[in-house]
Each structure stands twice: as structure tokens, then as C-alpha cells.
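The values are calculated or read from the model by the stated rules, or taken from the named source; none is laboratory data. Only a predicted model underlies this, so the values are computations on that prediction, with no experimental measurement involved. Ideal geometry is used to build each Cβ from the backbone, glycine not excepted, and the neighbour counts take in all protein chains shown. Only protein heavy atoms, including side chains, enter the accessible area calculation; ligands, DNA and RNA are left aside. Shrake-Rupley method; radii C 1.70, N 1.55, O 1.52, S 1.80 Å.
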Amino acid sequence: MDRALELLSLLYELSLTNQQYLSPQETARNFIQKFLSRKSLQYGAVWKIDSYDKPYMRLSRIYSIPSQPDERELDLDIFLNSFGKESFTLTKKSIFKNVDMEGDFVYFLLKDFAIFELYHEKNEKLFTKVGFAPFLDVVKQFATSLESRYAYDMLQQEVAQRKKAELSLMANEEKFRRIIDNISLGLMEVDNNEIVQYANESFLEFTGYDLEEILGKKASDIFLDEEQKPVMYNESESRKEGKSNSYELSMIDKYGNKRWAIISGAPNYDKNGQLIGSIGIHLDITEEKKLRQENEFKDAQLKKLFEKSLDALVSIDSKGVIFEWSPQAEKIFGFSAEEIIGTHLSESIVPSKYLEAHETGMKNYLTTGHGPVLNQRIEITATRKSGEEFPIELTVFPLKHDHEEYFTAFVRDITEIKASKENMEKALERQKELNNMKSQFISMTSHELRTPLTTIKSNTELLNYQLTEQDQIVKARLLKNVDRIENNVDRLNHLINNILMIGKLDSDKVPFAPEPIDIVRFIERELLPDLESRGKNLVIEVSGEPDKVLLDKKLFTHILTNLVENAFKYSEESQNSPELHLMYRSDEVVIDIKDYGIGIPPEDLSSLFSIFFRASNVGNIQGTGLGLSIVKQFVELHEGTIDVTSQVGEGTVFHLYFPNKPN
């Protein structure tokens, strides 16, 4: 049962092979590959019998796996003894002259024009007459297919000939028609008026018609559009003059699809030599045409890329001789294509200090196939026609074609880029120096401001103490001034602290040490007591499953304190207390701080977190414009985000988002 299925499979695959045109070599290759893969054999070959020159037969190789010499000789007596009674024979060594291989061989005679050879080092189970007898029909079908391939090649040669070929075609018309009916090429026969007389099965499959639908009808009316009809008319006139030729034509199939074919047309004569029409053999090239059009489009793209690319394109052969030089290469290096094509690369654009490395690298790649600078982008210097060395960015790709090695390089002049980079590095270095100077200045200035402020603060405290013994009226008046001094001292201290913090943020010197924090408990202990001591009420609402969150306690305190103090500061006239909404989610913790105060104008929202920026409607409410800028940077240190929604006259909500990472 398995062998029967195997035979059917081989016959089916062979029939598929017959549905497309293949050369004799391709036909042999496909059959050998399928046979060897199914029988797990080591070697197979098909030899064409070329001549009988006693005492030897001479054969030429059609195809073999693995490759073998192109010719073989066979003793004529051995041939007659091997194939005297049967069409195949089994041996323990090769029947060919001067072949020393030993093992199991089987040879099939293919219709007296070829020999099919199979070999395995040791496969006694398969290499028996009983083992190979079932495959005789498959081999015979293969022989028929192979013979038809050679017959087709003969037909093509016949069609290419002029009058002699036409007369030969007439004499062998029936023979060739039978051959063509069994191959994948379409054939159509028309009379002198282009009326269809005959079409083979392949042509009908190609066009989608049944034979009855086209017989007796004019071919050009059925298959051609108006653009192609003049082409067909000219070809018909050529047939009337006895000319044969091949041409490309687009046709319309039954379903309105455009199909392309290469048509080999020849005049058709009757027995008396009278022209009765023409015969056209149609090779379907629809897919090839599409591929060709795609390739032409790609070629056009490549040409445009070659001509318009801002990178130079340079190609050399294995000897280093330049054969491709793009217009951009002319601009970059100063050599015209006429000057440089055909010259050696090392004589023109390679600096002298790299010549030895260039030659060594070329030789190493050609010897080992390894090149450390290939297929990657590197920076190096090159030489212009003027002799100037300049920096380039170079990418070299090796290409192999027809057993020859070639190299194509994309070259980019980075002179300006390098200069810009150097200028940028200098500017960055200068900016670093300025930042350091700024930090030092801020630190020094803050220190110098703190010293007198500390003195003022100490003296106001002493003055406050001394006033306790004064008259109440005088005391009240003086205490008011003292309070004003203390408030302004506190404001200046707060401003100095913020300026110092901005300096630390700019120089990345802010300590950041996150730890697991219970936010609810943190608010109850760190935030609420101070607010309650000042008579301020903050409404707190918690939702979700509380969990500890990784936060820097000091920075988080600054964030909440600033936003909550702002909520009270900008809603003093409101009857509603500010609110803090804490929401725990699976991947983040959200904190909304809401007030019912003056709100923020829409045009100010985009600049709200900029340093020293204050909304246009704050009036006389005190502030420095530093707090929100610091808050935003502290939030981002936690890999969080902050945004704001507000409506003038109704209030503002700051939204904080912190990632809910595992503790």
C-alpha cells in the first residue's frame, strides 16, 4: 500500500512538472531530486546518448546530484549485455568506463536516447529487481517527459528558421501538435483572416475559454484591446510574407483580466505549399511581466536614489578598481565620474596613512570572507581631489555576483557635523561651567543673605522679649512692627530655601531615598497637626485598598505641604474647605488636591510649572513662582506626573500620579 501511494505521488508530481515548461536539465533535476529524497539514495544522474563509435558509446550529462563530469564513455558490449532483454539492470559497480565507485547501482534505459543512473553505497534491500520493478512506469513517464522537452527545444529551433523551418513544420505538423498538446505552452491556429481554427488545452486554460466559444471567431476581436490590434495586424501581414518571429503581446482573458504572452508565430501552409494561416505558440509571462515591471520600478527608484542621494555611492571590484561613482561622490570628493572610473581607489580618495590597512583588509576579506569594518558604520578620513583630508561616515557592503567579489560604500561628508558637534561640546562644557558658577553664586548669596537675616531674627526675638515690660499701648504698636519684620524674614528664608533647592535640582544634587510609606498615616501625623494648630480644616477622602508606596519622605512632605498651603492661600474667601482625595489603583496612586478659590486663567495653565511664573490673577497674594516648579521636579524624581485642571472663580485641582511599585 505504501509503495502504491509512493508511486502515485511520484506520478502526480511528474504530472505537475509537465504542466509548466522546463528545460531538459530542469526536468531531470526535479525528477532526480524527488526520486532521491523518497528513496534516501546518495546519487542520481541522467546521461544522454550522443554517439555510437565502436567500441564505445559516448554520453553527455544532462543532470546529476551530486555534480559529475560532463561526459562518460561506455563499452558497447557492456551496454548490449546490460539492456539486451530488459530496460533496467542492477550492478555492484559502475558500467561506465574509468569510474571506480562500488556499491549498489541501477540503470534504466530511457527510450534509447538516455540512461538514468542511481547509486547507494549499500542498500541491498532496495537494490533488487523486485524493489525497482514497480517504478518502471514512473521512469517511462519521466522518459516521455524528458523526450518532450528535447522535442520542444527542437520545435523552437524550427520556428526560428525561415522557409526551410516552415516547410519542415508542415511535414511534421501532426507530430509537433501531439507534442505541444502535452506541454504547458498554449497553441492557437488561425486562417488568413484570423479566424480561430484550433487551440490546445494549455491555450484554453490560459484564456479561460472553451474551444467551442472561440472556434470560427476572429482572434483579435476576442483576445485583444484596441491598443494591441495594430500589433496583431502587423504580425499577420508578416505571416503573409512568409516571415516567422517572436513578439510580446497583452491579451484579455474571458474574465476581462489582462494576460501577457510571448508568441512565437509562424506561417501555416497546406500540402501544396499554399499559405492557409498561421500558428502561434503562447508562453504565459503574466507573472514575469509583473515582476519585470516591479523590477523596472525598483531600478528607477535605485537610479533616482543613486543620482539624488545626499550620501555618495562608490563601488569597486575585488582589485580595488572603481566602476561606480555617484553624482554626490563628485560633489564630495571633487573627481568627476569620467576622471575616476577605472582608477584604483587607493590612488584617489584613500589617505596615505590608511593605504596599508586598506590593502590588508581587502586581501584578508578575499581570503577569509571576514572583514571587521564591513556592514557597519564607521568614522574615518578621506582625501578630496584637492588633497584635503576630511572626516567621513563610511558604510561598506560586500556583494558577490557571478563568483566575483564587489564592494559598495555609502559615504557621508561629516565635516559640518563634526564641527557642529565640537561647537556643541564646547557650548555644553561652557554651560556646565556657567551652571557650576550659578550654583556657587546661589550658595554664596544664600549664605550671605542668611547671616544678616539670622541677626535680624535674633534681635526681633530679643526685642519681642524686652517689649513684655512696656506699656500695653506702646507694646501693641511695636509688636505689630516686630511681627511684620518676622514675617518678612520668614518670607526671605523661604525664598532662599527655594533658590537653593532650584540650584540643587539643576546640578542633580537633590538626595533621593525612597522608602515604603503609608500615605494615610503620613498625612495624619505630618500634615494635619500643623494645619489644625493654625485652625485650618482639610477634608480628606480615601478610596481603594490602602498600601505602602515607595516615596522619599522629605520630598513627599514638600510636595504635599506646598500644594495644600497653596489651596488654602488661594481660597481664603471661599466657604468650602480644601480637599485631598487619595485613590489607590492597581498600578498607581492618585492624589487630587482641590480648592474652591480664585482658579487659574486658561492661558496661564501651560506655563504654570515654569520657574518664577505666577498666574495673572493672583493680585497681592504673596508668592515667588518657584514652588510649583520644584514640586513638579520632585514628582518626576518619583517617576510620577502632575497636571492641573482649573476654572476661574470656581477653583483648582492638582492631580498627582505616583507609580504603585512593589515594596
Any residue at all in region 405-415 that's farther than 20 Å from Ala337 by Cα, among the hydrophobic types (A, V, I, L, M, F, W, C) and not in a helix (DSSP H, G or I)?
yes
Candidate set from region 16-26 (those that are among the polar types (S, T, N, Q) and at pLDDT below 85); member that is farthest from the chain's Cα centre (by Cα):
Asn18
Every residue from region 49-74 that is surrounded by 16 or more Cβ atoms within 10 Å (Cβ to Cβ) and within 20 Å of Leu118 (Cβ to Cβ):
Ile49, Met57, Leu59, Arg61, Ile62, Tyr63, Ser64, Ile65, Gln68, Arg72, Leu74
On the basis of being out of contact with any strand residue (DSSP E or B) (no Cβ under 6 Å at 6 or more places or on another chain), on the phi > 0 side of the Ramachandran plot and not polar (S, T, N, Q), does His358 make the cut?
no
Here is a check on your reading of the model: is Val46 part of a strand (DSSP E or B), within 29 Å of Ala151 (Cα to Cα) and at pLDDT 90 or above?
yes
Residues (of a type in the set (Phe, Trp, Tyr) and under 15 Å from Ile322 (Cα atoms)) located in region 382-411
Phe397, Tyr406, Phe407, Phe410
Condition met for Leu80 (under 22 Å from Asp53 (Cα atoms) and either out of contact with any helix residue (DSSP H, G or I) (no Cβ under 9 Å at 6 or more places or on another chain) or open to solvent by less than 100 Å² (accessible area, probe 1.4 Å) (or both))
yes
If I go through region 529-553 residue by residue, how many of them are open to solvent by 70 Å² or more (accessible area, probe 1.4 Å), under 28 Å from Ile600 (Cα atoms), touching a residue at least 12 places away in the same chain (Cβ under 8 Å) and outside any strand (DSSP E or B)?
1
Quick one: Val648 ticks every box in (1) of a type outside the set (Lys, Arg); (2) more than 28 Å from Pro511 (Cβ to Cβ); (3) open to solvent by less than 50 Å² (accessible area, probe 1.4 Å) bar one, so which box is it?
(3)
Do we have Thr144 as of a type in the set (Ser, Thr, Tyr), farther than 21 Å from Thr27 by Cβ, open to solvent by less than 70 Å² (accessible area, probe 1.4 Å) and without any contact (Cβ under 8 Å) to a residue 60 or more places away in the chain here?
no
Among the residues that make up region 99-117, is at least one of them under 30 Å from Ile262 (Cβ atoms) and of a type outside the set (A, V, I, L, M)?
yes
Is at least one residue of region 382-399 more than 25 Å from Lys303 (Cβ to Cβ), open to solvent by less than 60 Å² (accessible area, probe 1.4 Å), assigned to a loop (DSSP other than H, G, I, E, B) and in contact (Cβ under 8 Å) with a residue 24 or more places away in the chain?
yes
Can you tell me which of Phe512, Phe609 is among the aromatic types (Phe, Trp, Tyr) and either in a helix (DSSP H, G or I) or open to solvent by 40 Å² or more (accessible area, probe 1.4 Å) (or both)?
Phe512
Any idea which residue in region 212-222 is least open to solvent (accessible area, probe 1.4 Å), counting only those that are farther than 16 Å from Gly265 by Cα and hydrophobic (A, V, I, L, M, F, W, C)?
Ile214
Can you go through Leu80, Leu90, Leu74, Leu41 and tell me which one is within 53 Å of the chain's Cα centre (by Cα) and assigned by TED's automatic domain parsing to the domain that holds Phe142?
Leu41
Thr557: passes all of (1) modelled with pLDDT of 90 or more; (2) surrounded by fewer than 20 Cβ atoms within 10 Å (Cβ to Cβ); (3) on the phi < 0 side of the Ramachandran plot but (1)
Any chance region 578-586 includes a residue that's more than 20 Å from Pro516 (Cβ to Cβ), in a loop (DSSP other than H, G, I, E, B) and not hydrophobic (A, V, I, L, M, F, W, C)?
yes
Among what's in region 178-211 and is assigned to a loop (DSSP other than H, G, I, E, B) and open to solvent by 50 Å² or more (accessible area, probe 1.4 Å), pick the residue that is modelled with the lowest pLDDT.
Asn182
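Listed here are the residues, each with its yes/no results for (1) surrounded by fewer than 19 Cβ atoms within 10 Å (Cβ to Cβ); (2) in contact with a Leu (Cβ under 7 Å, 6 or more places away or on another chain); (3) of a type in the set (Gly, Ala, Ser); (4) assigned by TED's automatic domain parsing to the domain that holds Tyr209.
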| site | (1), (2), (3), (4) |
| --- | --- |
| Ala266 | no, yes, yes, yes |
| Lys271 | yes, no, no, yes |
| Ile276 | yes, no, no, yes |
| Ile279 | no, yes, no, yes |
| Leu302 | yes, no, no, no |
| Lys319 | yes, no, no, no |
| Ile322 | no, yes, no, no |
| Trp325 | no, no, no, no |
